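Below: the structure, in structure tokens.
The values are calculated or read from the model by the stated rules, or taken from the named source; none is laboratory data. A quick note: this is a predicted structure, and the numbers were derived from the prediction, not measured. Neighbour counts run over all protein chains shown; Cβ positions are idealised from the backbone, glycine included.
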Amino acid sequence: MNVYAIRAIYKFEMARTWRTLMQSIASPVISTSLYFVVFGSAIGSKMISIDGISYGAFIIPGLIMLSLLTESISNASFGIYMPKFTGSIYEILSAPVSPIEVVLGYVGAAATKSVILGLLILATARLFVDFEVLHPLWMFSFLVLTAVTFSLFGFIIGVWADGFEKLQIIPMMVVTPLTFLGGSFYSINMLPPVWQTITLFNPVVYLISGFRWSFYGVADVHVGVSVGMTFVFMLLCLTIIWWIFKTGYRLKD
Amino acid sequence: MDPIISVKNLNKVYSSGFQALKDVSVDIHRGEIFALLGPNGAGKTTLISTICGITSPTSGQIQADGVDIIRDYRVARKLIGLVPQELTTDAFESVWATTNFSRGLFGKAPDPAYIEKILKSLSLWDKKDNRIMELSGGMKRRVLIAKALSHEPKILFLDEPTAGVDVELRREMWELVRKLRDDGVTIILTTHYIEEAEEMADRIGVISKGRIILVEEKATLMDQLGKKQLTLHLQQPMRSIPTELSGYALELLGDGQTLVYTFDVHASETGIGEILRKLNELGVDFKDLKSTQSSLEEIFVGLVRSAAQQKEEVTV
């Protein structure tokens, strides 16, 4: 194992985060905080509680998940796309590093950023809304698992993308709508039965449900199913990445 | 002596169907400076990229210091440093950070003293905290060299190392390359500047349309293929070459006042004495004469043209 290479890629990517602190950390924290201000402090008290949880507190797991998913994808996709864009990918391709080491470096850094971001949003939410975390260890595990899985997904997008537009298109056009419709702002039990069934095809439902369970002990689907679905998606991403390195898809001529 | 790089029957066909390398076989000797010459699109960069692992070969075998570059890629790649043709660097990183990044990437433990030595030798030390985007093109080229040397490679590929740099910097780079060779590093460079190959190379390989058409010691190449020319500047212009001299490879140039004789330096009789005697008999006076040897550029152009002609003949 080329530990020095993993460390070099990881440090390089983390350095980019600290260089762009406003964009990487402050911006998503501030924009998510606005939801807490509006739905938590301002109109949250006027809305009904769900499953015995105040509305402001109910939306916290979903909003953290929204940021976690989009930022994980964005961090990892940008990380691998930039060397392709500038041409400095030659160095990675000619170095004595295995695909696993490359993925550990890029995905590890992207996931670390997302976890830091998730914890910061969680801490910021405390300023506006009262909430509890019933299972903190599970909460952190869900945070890490989701960050890693969607960073893997972001890595795939970064390899696939051949322009900046493609980098944005999946997070903006797919992930954000799926998160909004995946129970961030409501329980899927509030939907008519037909829509409940349709919603279960949305993979983000399982992530939000499991994460919310770790906070309040209530979930739309069983927590075991949530964990299982996340692992299935992670496995799918790992398989695609294995294929990318095997074939050299969009990395090698 | 066993070669430090051995390429055998290498072929590269891109997904578009274009065959960039055709049955390439070449050995690079340990400790030499090998210049790979060829016109644009000849396959120079593809060959380098394939040896370095950036491009996958379609068939053939490559060994670096006796190890297969695919099967034992970790061992092989640690031996190799690459300076690419394009100025491909991260814009926002500092010189210090990017050089240390490269060292780590190639599996070496951090060694600030060594990186300092490299940066000083490349006159980059006072720029170590500068972001790469703040540097000039020549300085960026030096950064790429520093990155390539950061893991102490035994083999260094320089793909068009002096493209776009000024004459002074080019001379400095030549000196650096010689020093690296003196330190035991094997250098393989591609260049468009024949002058560069002539100045630095121990051996020269010529690639054209994906095929290696010649590999030779530079001195031997110049001896074997180099032709000398005797140029006579005449007192009075001449309308045509006199029939008495028609058996010689003479050309009348310009306004008829320059007579050029091309001869083989290795021939037992160059014919110079005979020509001068006949000119004297014909009453042709000349005010100046000089002899010149073919440059590597002329040899190179001749080789590529000859390879193209041979191919045309085969096709017909």
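Quick notes
- Region B:207-252, residues that are of a type in the set (D, E, K, R) and assigned to a strand (DSSP E or B): B:211, B:216, B:217, B:228, B:251
- Members of region A:16-39 found to be under 30 Å from residue B:106 (Cα atoms) and more than 7 Å from every other protein chain (Cβ to nearest Cβ), listed by number: A:16, A:17, A:18, A:20, A:21, A:24
- Here residue B:87 meets each of (1) within 29 Å of residue A:15 (Cα to Cα); (2) at pLDDT 95 or above with one exception, condition (2).
- Within region B:248-275, considering residues that are out of contact with any strand residue (DSSP E or B) (no Cβ under 9 Å at 6 or more places or on another chain) and modelled with pLDDT of 85 or more, the one surrounded by the most Cβ atoms within 10 Å (Cβ to Cβ): B:274
- Hey, residue B:68 touching a residue at least 12 places away in the same chain (Cβ under 8 Å), more than 10 Å from chain A (Cβ to nearest Cβ), of a type in the set (D, E, K, R) and surrounded by fewer than 23 Cβ atoms within 10 Å (Cβ to Cβ) or not: no
- The residues on offer are A:156, A:169, and the sole one that is among the β-branched types (Val, Ile, Thr) and under 18 Å from residue A:244 (Cβ atoms) is A:156.
- So residue B:30, is it more than 11 Å from chain A (Cβ to nearest Cβ), of a type in the set (Lys, Arg) and under 18 Å from the mean Cα position of the chain (by Cα): yes
- Hits in region B:179-206 - residues which are assigned to a helix (DSSP H, G or I), surrounded by fewer than 19 Cβ atoms within 10 Å (Cβ to Cβ) and free of Cβ contacts under 8 Å to residues at least 60 places away in the same chain: B:179, B:182, B:199
- Count of residues meeting criterion [within 9 Å of chain A (Cβ to nearest Cβ) and either on the phi > 0 side of the Ramachandran plot or modelled with pLDDT under 90 (or both)] in region B:33-65: 1
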